[in-house]
Amino acid sequence: MFVNSCAVFAEEYTWDSVAMGGGGFVSAVIPSRTQQNLFYARTDVGGAYRWDHAQSRWVSLTDWVSEDQVGYLGVESIALDPQDSAKVYMLVGLSYFNNGKTAILRSNDYGKTFSIVDVSSQFKAHGNGIGRSSGEKLHVDPLNSNTLYTGTRWNGLFKSTDAGATWSRLSGLDVTTTPNENGVSFVLLDPTSGANGATQTIFAGISRYPTVGANFYQSKDAGQTFSAISGGPAGLMPVRAVQDKNGNLIIVYANGSGPHGHWAQPEPMDQGQVWKYNPSANTWSNISPAGFNHAFGGVSVDPNDANHIIVSSTNVWQFQYTGTGGSGFGDQIFSTTDG
C-alpha cells in the first residue's frame, strides 16, 4: 500500500502599494521663492504634491479627500506665501464631481493639513478644464499675507483680505468669462509697487484672442480699477507669466489656452510666441526662440538673474520637431542667458 503525503509550508508575504503612474496631467510645478528645494505640483485629476528633497520623492497632499470631496483632486491653482514658506493655498474643484463643489484649501504646515473654505456659491473651479496649465490664477500678496487674489473661469477676479476666509469680486475688471471658459488665465502682483502695506500693481491675463477683447490688464490701485494694456502679439492669447527682478514680465502666448486644441473653439494650439513687457516704459519685445513658432505653455525666470529665462512648448506631444537646436520628439525646453 502506498501512502501519498503532501507537506504544507506557510509562505510569508510582504505587502506594499502598487505604483500606478499616469494619475493625471501635471498642470504646473510651483517653486518657492523663499525656501530652497521646495516645490509643489498640481494635477488635473490627481491632486497636489510637495517635493520632499531629503527623500527625493513627491508627497501627496490630497489623500485625505472623501467621496463627497473627490472634485478637490482637480487642482486649478496653487499659491505660496512669499513671507511664510509653510503657508500654501490651493483652488480646487471639478465641474463634473460633487455638483462642481469648489474650495480654497489653506495650510500653515506645508500642506500636511488643510482648512477648507467652500466658495461654490461665489465661483467655480474646474481643474480638468481647458486652459488648466495656464496660470497661476491664485496669488498671495507678497507684501501682505492676509491678501489673496484669484482669477476664475466664469466669474471674473476675486480678492480676500482675511487669508482666504472670505472673498469679494473685483468689479473693476470687467471680464467674467471667455469663449473657451478659461476666463482669467493668470494673475501677477508686482512686489515693488507697495503702498499702505499692500501691493498696488496687479496684472491679469485673459484667455481670449485680442480680436474678441483685450487680453492683458493692469491695476494700480490694488484691484479697484483696471485698464487694458495694448501692444501684445496679434492672434494669440496669454497662457502664463512671470516677473523678473527688474520688473519686466515674461509672457508665453499661444493660439489657444491649452494644453491641447479646443474641441469647440478655433484654438488649434499650434502657434505661439514669447514676449517681454516693460511696465515702466510700456514697451513690448518679442524674445521668442529663433526658428520655433509652436505654442508655448511654460515659463520661469531666475530670481537672481533677469537674463536667465526658461520656456517650454506645449501640445507638441509625440510629433517630430526639427529646428535650430536639433530634432526630437515631444515638447521642447529652451533656455537663454541673455534675456
So, residue 115, is that one surrounded by fewer than 18 Cβ atoms within 10 Å (Cβ to Cβ), among the hydroxyl-bearing types (Ser, Thr, Tyr) and in contact (Cβ under 8 Å) with a residue 12 or more places away in the chain or not? no
Among the residues that make up the stretch 285-298, is at least one of them modelled with pLDDT under 95, within 21 Å of residue 187 (Cβ to Cβ) and surrounded by 14 or more Cβ atoms within 10 Å (Cβ to Cβ)? no
Qualifying positions in the stretch 66-93 - outside any helix (DSSP H, G or I), of a type outside the set (Ser, Thr, Tyr), under 20 Å from residue 133 (Cα atoms) and out of contact with any His (no Cβ under 6 Å at 6 or more places or on another chain): 74, 75, 76, 78, 80, 88, 90, 91, 92, 93
So which residues in the stretch 143-172 are among the hydroxyl-bearing types (Ser, Thr, Tyr) and in a strand (DSSP E or B), if there are any at all? 149, 150, 160, 168
If we keep only residues of the stretch 29-52 that are part of a strand (DSSP E or B) and hydroxyl-bearing (Ser, Thr, Tyr), then the residue farthest from residue 134 (Cα to Cα) is 49
Of a type in the set (Val, Ile, Thr), over 30 Å from residue 305 (Cβ atoms) and within 19 Å of the chain's Cα centre (by Cα): is that true of residue 177 in this structure? yes
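The rows are residues; the columns are (1) within 21 Å of residue 181 (Cα to Cα); (2) among the hydrophobic types (A, V, I, L, M, F, W, C); (3) surrounded by 18 or more Cβ atoms within 10 Å (Cβ to Cβ).
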site: 61; (1), (2), (3): no, yes, yes
site: 66; (1), (2), (3): no, no, no
site: 82; (1), (2), (3): no, no, yes
site: 119; (1), (2), (3): yes, yes, yes
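Residue-wise test of (1) surrounded by fewer than 20 Cβ atoms within 10 Å (Cβ to Cβ); (2) touching a Gly at 6+ places or on another chain (Cβ under 8 Å); (3) not hydrophobic (A, V, I, L, M, F, W, C).
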position: 163; (1), (2), (3): no, no, no
position: 175; (1), (2), (3): no, yes, no
position: 187; (1), (2), (3): no, yes, no
position: 191; (1), (2), (3): yes, no, yes
position: 196; (1), (2), (3): yes, no, yes
position: 200; (1), (2), (3): yes, yes, yes
Listed by first then second residue, the pairs whose first member lies in the stretch 41-68 and is assigned by the TED database to the domain that holds residue 87 and closer than 16 Å to residue 80 by Cβ, whose partner is of a type in the set (Phe, Trp, Tyr) and in a loop (DSSP other than H, G, I, E, B), with beta carbons under 7 Å and at least 6 positions apart or on separate chains, are 50/110
The one condition residue 55 fails out of (1) under 19 Å from residue 240 (Cβ atoms); (2) part of a loop (DSSP other than H, G, I, E, B); (3) among the polar types (S, T, N, Q) is (1)
Could you please find all residues in the stretch 203-254 being of a type in the set (Ser, Thr, Tyr), more than 17 Å from residue 269 (Cβ to Cβ) and not in a loop (DSSP other than H, G, I, E, B)? 217, 219, 227
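Per-residue answers, yes or no, for (1) over 18 Å from residue 203 (Cβ atoms); (2) assigned by the TED database to the domain that holds residue 43; (3) in contact with a Leu (Cβ under 9 Å, 6 or more places away or on another chain):
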site	(1), (2), (3)
104	yes, yes, yes
108	yes, yes, no
118	yes, yes, no
124	yes, yes, no
143	no, no, yes
157	no, no, yes
167	yes, no, yes
175	no, no, yes
182	no, no, no
Filtered residues of the stretch 284-305 (kept if of a type in the set (Ser, Thr, Tyr) and without any contact (Cβ under 8 Å) to a residue 40 or more places away in the chain): 285, 288
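The values are calculated or read from the model by the stated rules, or taken from the named source; none is laboratory data. Source: prediction; values computed, not measured. Ideal geometry is used to build each Cβ from the backbone, glycine not excepted, and the neighbour counts take in all protein chains shown.
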